[in-house]
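*Asks:* Below is the structure I would like to discuss, written out as structure tokens.
The values are calculated or read from the model by the stated rules, or taken from the named source; none is laboratory data. Since the structure is predicted, the reported quantities are computational estimates derived from the model, not experimental observations. Cβ placement follows ideal geometry from the backbone for every residue including glycine, while neighbour counts extend to all protein chains displayed. Accessible surface areas use protein heavy atoms only, side chains included; no ligands, DNA or RNA. Shrake-Rupley method; radii C 1.70, N 1.55, O 1.52, S 1.80 Å.
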Amino acid sequence: MTEHIPTRQLKFYVTAEAPCPYLSDRMEKKVFAHLPFADGADVNDALSHAGFRRSQNIAYRPACEKCAACVSVRIPVGLHTLNRTDRKIRSRNADLVRTIVDPVATEEQYDLLKRYLSARHPEGGMNEMSESDFVTMIEDSSVRTHVIEYRLPVADGGRGPLVGFALIDVLSDGLSMVYSAFDPEMPKRSLGRNTVLDHIDQARRVGLAYLYLGYWVKGSPTMDYKASYRPLEGLTLFGWQRLDQL
């Protein structure tokens, strides 16, 4: 594995077995490595292509002995087309003000995250995230990353209320959605799906081939939605393959 990682050899570690956060009847292990400061962007890029995910300055992926339910997935944006529902979602959210900001955590983002987690993932481990943990999640990084904010418009052209944000890494061939949150009290807007659709559009506009969505876990209520995007590619022992061929 490490011979493909640029400029240095990485040291990998394996976590102790713990309850799986996605499938209640499973246990999980992870293999992880610390991203170097000097060439963290290149290392993160190579590991992402190998199915790793980034959390702060750590890259990890599942290493479960008896389960392979977690599949790293990506959308080939050049082949993606909007269906009727997607077009309605994009039209419904066309008024949102989209802004790229530096990866600097704000109290407004943290407040939105807490409301999102409380409503959508009340039993999840991230629901216990402190404000200092959130600052670390956003700011502790040596890779090419940024935050996208979505705000409601206001008449005077000022900064409207924050209704969504996404932490995004820029890879050599795509955008990687590290984490996103949205206002849970606006279900008619489908803000979560709109964020994904918007980043499909943004990747295509800047000439990147893929949008990386992290792990698809069949049977997990919080992860199974990713299979609804078509076409979708999953990382297998034989490389990246179309999901409908797996």
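*Asks:* Arrange the residues TRP240, TRP216 by how much accessible surface each exposes, largest first, with a 1.4 angstrom probe.
*Replies:* TRP240, TRP216
*Asks:* I would also like to ask the following. For the stretch 129-244, give the percent of accessible area contributed by carbon and sulfur heavy atoms, probe 1.4 Å, rounded to a whole number.
*Replies:* Numbers: 2690 of 5040 Å².
Solvent-exposed carbon and sulfur of the stretch 129-244 make up 53 percent of the total.
*Asks:* What's the carbon and sulfur percent of the stretch 55-109's accessible surface, probe 1.4 angstrom, rounded to a whole number?
*Replies:* 50 percent
*Asks:* Evaluate Rg over Rh across the chain, taking Cα atoms for both radii and Kirkwood's formula for Rh. Mind dumping the intermediate values first?
*Replies:* On the way: Rg = 17.9 Å, Rh = 18.9 Å.
Radius of gyration over Kirkwood radius for the chain works out to 0.94.
*Asks:* Is any residue of the stretch 97-114 close enough, with backbone N under 13 Å, to a label point placed 7 angstrom from the Cα of HIS146 along the Cα-Cβ axis, and if so, which?
*Replies:* Only 98-104 pass the distance filter.
*Asks:* Follow-up question, since we're still on this one. Given springs between every Cα pair under 10 Å in a Gaussian network model of the chain, which of VAL31, VAL135, VAL154 has the largest fluctuation?
*Replies:* VAL154
*Asks:* Report the residue, chosen from LYS88, LYS66, LYS29, that carries the largest GNM mean-square fluctuation when the chain is represented by alpha-carbon nodes joined by springs under 10 Å.
*Replies:* Comparing LYS88, LYS66, LYS29 in the GNM, the peak value goes to LYS66.
*Asks:* Once you sort the root eigenvalues of the Cα gyration tensor of the stretch 1-135 as a ≥ b ≥ c, which label holds: rounded (a/c under 1.5), prolate (a/b larger than b/c) or oblate (the other case)?
*Replies:* Values: a/c = 1.45, a/b = 1.34, b/c = 1.08.
Since a/c stays below 1.5, the shape of the stretch 1-135 is classed as rounded.
*Asks:* What GluC sites (Glu not before Pro) in the stretch 84-124 are in a loop by DSSP, with at most 10 other Cβ atoms within 10 Å of the Cβ? Could the numbers behind the result be given before it?
*Replies:* Numbers: sites: GLU107, GLU108, GLU123; in loops: GLU123.
Answer by residue number: GLU123.
*Asks:* Heavy-atom accessible area per residue, the chain, 1.4 Å probe: how many Å²? Please report the intermediate quantities before stating the final value.
*Replies:* Values: 12880 Å² over 246 residues.
On a per-residue basis, 52 Å².
*Asks:* So, one more: Assuming 0.692 mPa s and 37 °C, estimate D for the stretch 41-102 with Stokes-Einstein, Rh taken as the Kirkwood radius over Cα pairs, in µm²/s. Don't skip to the answer; put the middle values down first.
*Replies:* Working: Rh = 15.4 Å.
So the translational diffusion coefficient is about 213 µm²/s.
*Asks:* Here's a follow-up. Do the alpha carbons of any pairs in LYS88/LYS226; LYS29/LYS114; LYS188/LYS218; LYS114/LYS218 sit beyond 22 Å of each other, and which pairs?
*Replies:* Over 22 Å Cα-Cα: LYS29/LYS114; LYS188/LYS218; LYS114/LYS218.
*Asks:* Here's something else I'd like to know. How would you classify the stretch 141-202 from its alpha-carbon gyration tensor, with a ≥ b ≥ c the square roots of the eigenvalues: rounded for a/c under 1.5, else prolate if a/b is greater than b/c, otherwise oblate? Let's see the in-between values first.
*Replies:* Numbers: a/c = 2.21, a/b = 1.65, b/c = 1.34.
Verdict is prolate for the stretch 141-202.
*Asks:* Rounded to a whole number of µm²/s, how large is the Stokes-Einstein D of the stretch 188-246 at 4 °C and 1.567 mPa s, given Rh as the Kirkwood radius over C-alpha pairs? Write out the running numbers ahead of the final one.
*Replies:* Details: Rh = 12.7 Å.
Roughly 102 µm²/s, to the nearest whole number.
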